[in-house]
1. Out of all the residues in the range 305-320, is one or more assigned to a helix (DSSP H, G or I) and aromatic (Phe, Trp, Tyr)?
2. Restricting the search to the range 71-114, which residues are among the hydroxyl-bearing types (Ser, Thr, Tyr) and surrounded by fewer than 15 Cβ atoms within 10 Å (Cβ to Cβ)?
3. With respect to HIS22, is the statement that it is within 28 Å of the chain's Cα centre (by Cα) and at pLDDT below 80 true?
4. If you go through the range 228-242 one residue at a time, do you hit one that is touching a His at 6+ places or on another chain (Cβ under 8 Å) and either on the phi > 0 side of the Ramachandran plot or crowded, with 23+ Cβ neighbours inside 10 Å (or both)?
5. Looking at (1) open to solvent by less than 10 Å² (accessible area, probe 1.4 Å); (2) not in a loop (DSSP other than H, G, I, E, B), which is the only condition ASN172 fails?
6. For a quick check of your reading: which strands (runs of 3 or more DSSP E) sit entirely within the range 64-169 and have at least 1 residues that are of a type in the set (Gly, Ala, Ser)?
7. When you check VAL131 against the structure, is it aliphatic (A, V, I, L, M), without any contact (Cβ under 8 Å) to a residue 40 or more places away in the chain, out of contact with any Cys (no Cβ under 8 Å at 6 or more places or on another chain) and surrounded by 19 or more Cβ atoms within 10 Å (Cβ to Cβ), yes or no?
8. Filter the range 269-303 down to the residues that are without any contact (Cβ under 8 Å) to a residue 12 or more places away in the chain and of a type in the set (A, V, I, L, M, F, W, C), then identify the one that is surrounded by the fewest Cβ atoms within 10 Å (Cβ to Cβ).
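The values are calculated or read from the model by the stated rules, or taken from the named source; none is laboratory data. Small disclaimer: the values here were computed from a predicted structure and weren't measured. Note that we place each Cβ from the backbone using ideal geometry, even for glycine, and neighbour counts take in every protein chain shown. Each accessible area value is taken on the protein alone, full model and side chains, heavy atoms only, with ligands, DNA and RNA left out. Shrake-Rupley method; radii C 1.70, N 1.55, O 1.52, S 1.80 Å.
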Amino acid sequence: MIISNKLADIPESYFGKTMGRHIEHGPLPLINMAVGIPDGQTPQGIIDHFAQALQLPENQKYGAFHGKDSFKQAIVDFYQRQYNVTLDKDDEVCILYGTKNGLVALPTCIVNPGDYVMLPDPGYTDYLAGVLLADAKPIPLNLEPPHYLPDWSTVNRETLLKTKLIYLTYPNNPTGSTATQQVFDEAIDNIYGTNTKIVHDFAYGAFGFDAKNPSILASKHGKDVAIEIYSLSKGYNMSGFRVGFAVGNKDMIQALKKYQTHTNAGMFGALQDAATYALNHYDDFLIQQSDTFRQRRNYFEAQLAQAGLPYVHSKGGIYSWLHTPPGFDSERFEQFLVTEKSILVAPGIPFGNNGKHYVRISLALDEQQLSEAAQRLSDIAYLYQK
């Protein structure tokens, strides 16, 4: 096998390894609760606009490397409207070919070999690959239940001063915890005036159940030290489109844009037009999405509570974070569920050491499947009583 030493040293992507694989499961029909995308359809208006944009001659040729002014202006308007954050479309906006690309590429763009990069534990699995590809050193940012928020008083100050980049993600994938503006204020206060920067993964920003999710850029000095990465995949049911963007600190944005000039040749114009239409016309749809998953959260957690199953209360996102029974780690419990109950979940350990005794359960299921899954999980309540 031909593979570079660097790539060989990077662990396989958990979701790259597992998505689409054949699942051997028990006798019941399989319920897939490991999927990380909402289950609804892309709004028809976005589809229709995309179809029209395909016919435009300008979209059948190379476009500007850094995107159409119309798309960048839609991003600026969206952030002003949603978060009261003012952005410059040329200096503070970078279009991304899916947010994962930006999250993984960022360390290569702004840190040097040996630099410390702090990663939330638990947090999204593929941040680590970006750190390792940049030959940087990953440092865990310990997040503990029930709120999974940083406690900066427990972070070694010398380590923090050596850290060049901190990843935050709220609503948190996988726990469903959320952050207030004060949480972001405190994070910024702890690194302001140093060489440390922050990237906030805002992929589930549309899903705030108890309150609207704030932007880190709305905090004082937010744009001085941070960028935020936003996805159209979740809120607009556009995961197959692979469109997102980074906004905020102009130096970090310009580094990402320079990187893209060497790795991409401009996003397909029709995709940009569809994304522009989504941002300009579907604010109400984002509210509906959040309401749908709030109702699912309420129902599913009520069923878990009735059965006495220990879970972390989800305040945003599309997941439930369930503690494993005594004697089970996350991978053993995942195998038990798929074998005995034909339920596929994501084990917590790929999200960090703090996920060792949890599994991530997606709520991206219709009412019937969610009800059936809740019943099957209730049937194993005896495991928690041992």
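1. Of the range 305-320, the ones assigned to a helix (DSSP H, G or I) are 305-307.
Cutting the leftovers down to aromatic (Phe, Trp, Tyr) gives us none.
Among the residues of the range 305-320, not one is assigned to a helix (DSSP H, G or I) and aromatic (Phe, Trp, Tyr), which makes the answer no.
2. THR86, the sole residue that qualifies.
3. Working: within 28 Å of the chain's Cα centre (by Cα): yes; at pLDDT below 80: yes.
The answer is yes for HIS22.
4. Within the range 228-242, the subset touching a His at 6+ places or on another chain (Cβ under 8 Å) is 228-229.
Add one more test, that the residue is either on the phi > 0 side of the Ramachandran plot or crowded, with 23+ Cβ neighbours inside 10 Å (or both), and what stays is 228-229.
Scanning the range 228-242, I find at least one residue that is touching a His at 6+ places or on another chain (Cβ under 8 Å) and either on the phi > 0 side of the Ramachandran plot or crowded, with 23+ Cβ neighbours inside 10 Å (or both), so the answer is yes.
5. Exception for ASN172: condition (2).
6. Working: elements: 93-96, 116-121, 137-142, 163-169.
Of the strands (runs of 3 or more DSSP E) lying wholly inside the range 64-169, none has at least 1 residues that are of a type in the set (Gly, Ala, Ser).
7. Numbers: aliphatic (A, V, I, L, M): yes; without any contact (Cβ under 8 Å) to a residue 40 or more places away in the chain: yes; out of contact with any Cys (no Cβ under 8 Å at 6 or more places or on another chain): yes; surrounded by 19 or more Cβ atoms within 10 Å (Cβ to Cβ): yes.
So VAL131 passes the test.
8. Initially, the range 269-303 is screened for residues without any contact (Cβ under 8 Å) to a residue 12 or more places away in the chain, giving 284, 287-288, 291, 295, 298, 302.
Within this subset, residues satisfying the condition of being of a type in the set (A, V, I, L, M, F, W, C) are 287, 302.
Details: ILE287: 13, ALA302: 11.
That would be ALA302.
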